[in-house]
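The values are calculated or read from the model by the stated rules, or taken from the named source; none is laboratory data. Worth saying up front: this structure is predicted, and the values here are computed from it rather than measured. Methodologically, a virtual Cβ is constructed for each residue, glycine included, from the backbone with ideal geometry; neighbour enumeration extends over all protein chains shown.
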C-alpha cells in the first residue's frame, strides 16, 4: 500500500514539475509555474521521507528537519534580497550546490556499500563526476559574473594537456572502482587505493576539471555555461535517482537535463557559434590598439532626443541590455514608454536571446515594471521592422547590436553572432555611460554611424530625463 501511495505521490510531483516548467515559458504564467513546481517538490519530499520505505528515526528526522528548515530560510531570504542584476549568480550558486549535493549522495552510496550491481556502480560514478564538475564550474561562473575573480578568459600554457591528463586520471580511477581495486593492486597501490579512497580522489579530480573547464570561457558566454551546467546537474540528479530508485529524482532530473540541453543549444545558436567553440575555446577579448585614433560621435542632449522622439518619430523600438538591469532602470523605461504612447507613438521592445546575463533576463525585468508582455518581441520577430522604424533607443546593450558581428572580413569574439538590426533604423539613440565595449571586448561600430546619437548618462537618470523632455518639448 505504501509503495502505491509513494508511486502516486511521485507521479503527481512529476506532473507538477512538467506543468510548472511549461508555464515558465511565458512571463505572464511564470509565477504560477514556479509555485506549481515548488508544490511538486514538497510532495516529492514528503513522499520520500514519510510515505515510502525510508522512515527516519528520531535523530535522523531531526537532522533532516534542520536541513529542510535552513534550506527554506536561505532560499526565501535569497529570493527576497538578491536583486535582479544578481539573479544569474544566484541561479548558478543554487545549481552548483545541487550538483555538489548529488555528488555527495553518490559518495555516500559507495561508503554504505549500496552500489552493488555494475549498472548502479557506473551510474553512481557518473553522478560523482558530473555533479562535481557542475559544482566547481558553477562557483567559477559566479566568480566571473560577480567580478570577484577569474574575469574574462583565463588560460595558461599547456592547459589542454593538463585537462587531458585529468580526464585520463578520471577514467583510470573509474576503472579501478569498477574492477573492485584490481588496477591498484596491479600497480602495487592496493593498500592505499581502496575503492572508496579512489572515489574520494575521483571527486577531487572532477572538481578540478570543472574549475579548468569554465575558467577559459569569457563573461559574454556565461549564460550558455550556466545553462549547460544546469543540464549537467539535472543529468546527475537523474542518475542519482536511478541509483536510489527514487522516481521523483529520476523524472525531475531528466526534465531539467533535457530542458537545460535544449536551452544551451538554442543560446549557442543565438550567439552564432557552435557549442564546441564556446566550451573548448572560450572568448578571448581582442586587445585594443592604444594608439588608435579617437573617432567622433554625435553627442546629444536629453532635450534634443526628446524633441526628435516627440516631433519626428512615430514608430520607436527600445532595446534593453545588462546596463538597464545594473541601473535598475526598468521603471524609468516604462515611464518613457508611457510618455511616448501618450503622444500617440507606437512603442515596441526588442529582446535579444542573450541580452543580460541569463535567458529571459530582460523579459522578467520589463514585465516586473508592468511593460505589457505583448510589446516584447524576440529578435527574429522584430528584426524585419527596424528598417521602417524612426527611432531606436538602446539602453545598456552593446554586443547584441554591434554591426561588426556581420562583417565577414573581421574576426572578433562576436563574429557570426545574430544581432538586432538596430543600425537599419532612421535614428539610433544610445543611452550609455561611456564608449566602453561590451562583455566581448569589441568596439561597437554603431557608436560612430552618422545616424547615431550618444546620450551619455546613467540608464535610470537618462531615461527619466528623456521622458521629461518628451513631455515638455
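Summary of computed values
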{"quantity": "Some residue of the range 351-364 being assigned to a helix (DSSP H, G or I) and at pLDDT 85 or above", "calculated": "no"}
{"quantity": "Complete set of residues in the range 1-32 that are farther than 21 Å from residue 262 by Cα, modelled with pLDDT under 75 and either touching a helix residue (DSSP H, G or I) at 6+ places or on another chain (Cβ under 8 Å) or assigned to a helix (DSSP H, G or I) (or both)", "calculated": "2, 3, 28"}
{"quantity": "All positions within the range 390-400 that are within 9 Å of residue 438 (Cβ to Cβ) and in contact with a strand residue (DSSP E or B) (Cβ under 7 Å, 6 or more places away or on another chain)", "calculated": "397"}
{"quantity": "Selection count, the range 92-106, where residues are closer than 12 Å to residue 226 by Cα and surrounded by fewer than 21 Cβ atoms within 10 Å (Cβ to Cβ)", "calculated": "2"}
{"quantity": "Residue 418 being out of contact with any strand residue (DSSP E or B) (no Cβ under 9 Å at 6 or more places or on another chain), crowded, with 16+ Cβ neighbours inside 10 Å and more than 24 Å from residue 298 (Cα to Cα)", "calculated": "yes"}
{"quantity": "Test: residue in the range 435-446 that is at pLDDT 90 or above and surrounded by fewer than 22 Cβ atoms within 10 Å (Cβ to Cβ)", "calculated": "no"}
{"quantity": "Spans of strands (runs of 3 or more DSSP E) in the range 391-469 with at least 3 residues in contact (Cβ under 8 Å) with a residue 40 or more places away in the chain and within 24 Å of residue 223 (Cβ to Cβ)", "calculated": "391-395"}
